[in-house]
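Chemist: This is the structure, below, for whatever I ask next.
The values are calculated or read from the model by the stated rules, or taken from the named source; none is laboratory data. Computed from a prediction, not measured in an experiment: that's the story for all the values here. Don't worry about glycine lacking a Cβ; one is built from the backbone with ideal geometry, like all the others, and counts go over all protein chains shown.
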Amino acid sequence: MLQNIQDITAQFPILGERVNGHRFVYLDNAATTQKPRRVLDSLLDVYEHHNGNVHRGVHSMSNSATRMFEGSRGIVAQFIGSAPEEVIFTRGTTESINLVASTYGMEHVGKGDEVIVSLMEHHSNFVPWQQLCERRGATLRVVPLTIDGSIDYEAYKSMLTPRTKVVAIAHAGNVTGVINPVREIISEAHKAGAKVLIDAAQSVPHIAIDVKDLDCDFLVFSGHKIYAPTGIGVLYGKREILDAMPPYQYGGEMIRKVRIESTSFNDVPYRFEAGTPDYAGAIALGEALRFVSEIGLDAIARHEQELTRYALDALSSIEGLHIIGGANAARTSVISFVIDDVHPYDLGMLIDHFGVAVRTGHHCAEPLIDSLGLLGTVRASFAVYNTQDDIHQLVKAINKVLPMLR
Ligand SMILES: Cc1ncc(COP(=O)(O)O)c(C=O)c1O
């Protein structure tokens, strides 16, 4: 347990709310995290004291916003071990993946080529590649999972051929929390001449990442899953790959020169940031990463792992409850479960009456949920501010509502 957990929890105003007359217990962190006061303050601070459109003005407010925006790019770069110009601000994981599929993918994936994803991918890292393959006459190969929900590594290796152009894999699954051996996945893909995109939406808040050490070609994540506001996300790409990629969207900021006859484009990262960026969101993302770094990602991970073990133990006392995946695999702080004869949606809705927020359904991972023959799962996921009391309230709520559902 983090020593100063009460101080940490107190920094999140929403956790003081009461829901249906009960203490609010937020266990839907894999969907989005709550925001500490300092992140909310940083948003307000931009609009109250530094607001001006970035990179455009000669005036003080614009310069101030630009300095803070670019400062934030530096904080993100430091957080993932990249150079600042390799950090592109997007709206989130989904936009980052669509950007790569529509630019790198459209240029490098052709008829007869293959793109590899896994069965555990979120729709965001599945549908863009599926659609790209359809448009280009390429084939989408889907790596199966082992019985415990881990990637079938041998099957993966056997799928790699000279036709493989892109491998797009989650660092950690959003349904089971299973952590994939991405370093090995990347190294094998490179031997086959393929580029690798790592969907780090579920890992960046829990696992220290160094993109140079991993040697991934692209890495993507969303700010809102790591205590930052919604609407801001990151695409990391290796400089030499980004330099050779065509633009994604056209407009202001991404150009160097516009003439009636033709347009030349700006350098990275600006070439991929058409229009006014969400600079307030980006600045707040920088503040969120400062918050995480001050506590320490390793300390946060230890705390979450302890809670996850505690929750797995407490949940296993409930008759008919089955944990989905991850029995023998490393996992983040995500637990999906089903209960015999109980619809996940009914359970989620009823425990909300006791103040407990969990996610229910297919979690935007229908290929995985279908393959398990399930309608969906209930998912509890933990963040830095969760406590054992939260888990007690979850288990108590489940035990209260089960007799109504059976
Ligand atoms: C593994 C994974 N990839 C992608 C996404 C999509 O993220 P966003 O909706 O922020 O773009 C999520 C969100 O749950 C996710 O868990």
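Chemist: Looking at the range 236-244, can you tell me whether even one residue there is in a strand (DSSP E or B), modelled with pLDDT of 95 or more and away from the ligand (no atom under 16 Å from the Cβ)?
Modeler: yes
Chemist: Do you know which of the residues in the range 123-158 that are touching an Asp or Glu at 6+ places or on another chain (Cβ under 8 Å) and aliphatic (A, V, I, L, M) is surrounded by the fewest Cβ atoms within 10 Å (Cβ to Cβ)?
Modeler: Taking the candidates together, the pick is 140.
Chemist: Select, from 85, 48, the only residue that is more than 30 Å from residue 304 (Cβ to Cβ), among the charged types (D, E, K, R) and touching a Lys or Arg at 6+ places or on another chain (Cβ under 8 Å).
Modeler: The conditions single out 85.
Chemist: Still on this structure: Looking at (1) assigned to a strand (DSSP E or B); (2) in contact with a Phe, Trp or Tyr (Cβ under 6 Å, 6 or more places away or on another chain); (3) within 29 Å of residue 45 (Cα to Cα), which is the only condition residue 221 fails?
Modeler: (2)
Chemist: Then there is this: Within the group 185, 209, 260, 198, which residue is within 19 Å of residue 96 (Cα to Cα), not in a strand (DSSP E or B) and not hydroxyl-bearing (Ser, Thr, Tyr)?
Modeler: 209
Chemist: Assuming residue 329 fulfils every condition listed in (1) touching a strand residue (DSSP E or B) at 6+ places or on another chain (Cβ under 7 Å); (2) in the same structural domain as residue 80 (by TED's automatic domain parsing); (3) not basic (Lys, Arg) apart from one, which condition is it?
Modeler: (2)
Chemist: Residue under question is residue 185, and the condition is that it be farther than 27 Å from residue 293 by Cα, at pLDDT 95 or above, within 16 Å of the ligand (Cβ to nearest atom) and touching a strand residue (DSSP E or B) at 6+ places or on another chain (Cβ under 8 Å); does it hold?
Modeler: Details: farther than 27 Å from residue 293 by Cα: yes; at pLDDT 95 or above: yes; within 16 Å of the ligand (Cβ to nearest atom): yes; touching a strand residue (DSSP E or B) at 6+ places or on another chain (Cβ under 8 Å): yes.
Taking the combined requirement at face value, the residue satisfies it.
Chemist: Inside the range 188-205, can you point out the residues that are buried (at least 21 other Cβ atoms within 10 Å of the Cβ) and out of contact with any strand residue (DSSP E or B) (no Cβ under 7 Å at 6 or more places or on another chain)? Break it down stepwise before answering.
Modeler: Keep residues of the range 188-205 that are buried (at least 21 other Cβ atoms within 10 Å of the Cβ), which gives 189, 194-205.
205 - this is the single residue of the range 188-205 that is buried (at least 21 other Cβ atoms within 10 Å of the Cβ) and out of contact with any strand residue (DSSP E or B) (no Cβ under 7 Å at 6 or more places or on another chain).
Chemist: Note down all Cβ pairs under 6 Å where the first residue falls in the range 122-138 and is more than 27 Å from residue 177 (Cβ to Cβ), the second is more than 9 Å from the ligand (Cβ to nearest atom) and part of a helix (DSSP H, G or I), and they're at least six residues apart or on different chains.
Modeler: Listed pairs, sorted by first residue: 132/101; 132/105.
Chemist: On to the next question. Only residues in the range 139-158 that are within 18 Å of residue 191 (Cβ to Cβ) count as the first member; pair them with residues that are assigned to a helix (DSSP H, G or I) and charged (D, E, K, R), Cβ under 6 angstrom, at least 6 apart or cross-chain, and list the lot.
Modeler: That search, which allows pairs on different chains as well, returns 157/188.
Chemist: Taking residue 82 as the residue in question, decide whether it is part of a loop (DSSP other than H, G, I, E, B), more than 16 Å from the ligand (Cβ to nearest atom), assigned by TED's automatic domain parsing to the domain that holds residue 278 and under 30 Å from residue 363 (Cβ atoms).
Modeler: Answer is yes for this residue.
Chemist: Which numbered condition trips up residue 198, out of (1) at negative phi; (2) away from the ligand (no atom under 15 Å from the Cβ); (3) free of Cβ contacts under 8 Å to residues at least 60 places away in the same chain?
Modeler: (2)
Chemist: Same structure, new question: What pairs come up if the first residue lies in the range 395-406 and is more than 12 Å from residue 339 (Cα to Cα) and at pLDDT 95 or above, the second is of a type in the set (Gly, Ala, Ser) and in a helix (DSSP H, G or I), and their beta carbons are under 9 Å apart, counting only those six or more places apart or on different chains?
Modeler: 395/311; 395/314
Chemist: Restricting to the range 161-182, give me the number of residues that are of a type outside the set (Lys, Arg), in contact with a helix residue (DSSP H, G or I) (Cβ under 9 Å, 6 or more places away or on another chain), more than 17 Å from residue 96 (Cβ to Cβ) and in a strand (DSSP E or B).
Modeler: 1
Chemist: Here is a follow-up. Any chance you could count how many residues in the range 63-108 are in contact with a His (Cβ under 8 Å, 6 or more places away or on another chain) and surrounded by fewer than 18 Cβ atoms within 10 Å (Cβ to Cβ)?
Modeler: 1
Chemist: Can you list residue pairs whose Cβ atoms sit under 6 Å apart, with the first residue in the range 10-23 being touching a residue at least 60 places away in the same chain (Cβ under 8 Å) and the second being assigned to a helix (DSSP H, G or I) and surrounded by 14 or more Cβ atoms within 10 Å (Cβ to Cβ)? Count only pairs 6 or more apart in sequence or on different chains.
Modeler: Final answer for the pair search is 15/9.
Chemist: Are any of the residues in the range 58-66 outside any helix (DSSP H, G or I) and either basic (Lys, Arg) or free of Cβ contacts under 8 Å to residues at least 24 places away in the same chain (or both)?
Modeler: yes
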